[in-house]
Amino acid sequence: IYSILHTNFLKERKMLIRKYLVSTLFLVLISSASSASVITVGQTGKYDYQTIQEAVDASVDGDEIIVAPGVYTSSTSWQPVVDIYNKNIWLHSSEGPDTTIIDGGQNKRGVQLYYGESNIEGFMIQNGSAIYSSGGGMRLYYANPTITDCIFENNNAGGSGYRGMYTYGGGCNLK
C-alpha cells in the first residue's frame, strides 16, 4: 500500500510541477510579447493627448510619442514644458522643428530630462528660461539622451549660463 500511495503521490507531484512550469512559461511569453505603444499629441480632439507632458506622464519605457505641428507650452510658471523623469521613450515631431515648437514663454525651461536615455527629435525649443540655474532650453541631469534635428533659439539662463542646453552627470548624443 505504501508503494502504491508513494507512486501516486509522485505522479501528482510531477503533474503539479508541469502545470506550474507551463503556467509560468505562458505568463513570461505574454508579458514579453507586449509591445511599445504609439501615443499621439496634437491640439485638437483627434489625438490621444493635447499636451506633450500629458503624453510623457502616460508613457512607459519603449513608447513612441508623435507630436503634431503646433506651439506647445505649459500653464505653470515654474515647471518645464516637457519634464521626462527616468524614462526611455522616443519623443518626436511628425513634421520637424519648423512647425513643432516647445516654447518656454521666457519663464520656464523648455525640456528637462532626469535620468534615462530618451530620444528627442524634430523640435524647435525656444524662449526657455532658467533664472537661477543653467539650461534654459534643455537641462539634462544624469541623462543620456539622443537629440536629433532640434533647434535651440532665444533661450536664457542665470546661474552659470549655458543658455541652450546644460548637462550634469550624464552625456548627450547630438545628431
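Derivation of every value follows stated rules applied to the coordinates shown; laboratory data play no part. Just so it is clear, the model here is predicted, and its values are computed rather than measured. Positions of Cβ are generated from backbone atoms using ideal geometry, with glycine treated the same way; all protein chains shown enter the neighbour counts.
Please list, in chain and number order, the residues 5+ apart from Asn119 or on another chain whose amide H is under 5 Å from its amide H, with Hs placed from the backbone.
Answer set, sorted by chain and number: Ile89, Trp90, Leu91, Thr146.
Enter the Cα centre distance for the pair the stretch 152-175 and the stretch 81-110, rounded to the nearest angstrom.
Cα centres, the stretch 152-175 to the stretch 81-110: 14 Å.
Near Lys108, which aspartates and glutamates are there with a Cα under 13 Å away, not counting those fewer than 8 places off in the same chain?
Cross-link targets: Asp83.
Give me the percent relative contact order of the stretch 31-114, please, defined on Cα pairs under 8 angstrom at least 6 residues apart.
28 percent
Whose amide H sits under 5 Å from the amide H of Ile125, counting only residues 5 or more places off or on another chain, with H placed in the peptide plane?
Ile102, Ile151, Phe152, Glu153
How much net charge surrounds Ser93 when only other residues with a Cβ under 9 Å from its Cβ are counted (Lys, Arg +1; Asp, Glu -1)?
Summing Lys/Arg as +1 and Asp/Glu as -1 gives -3.
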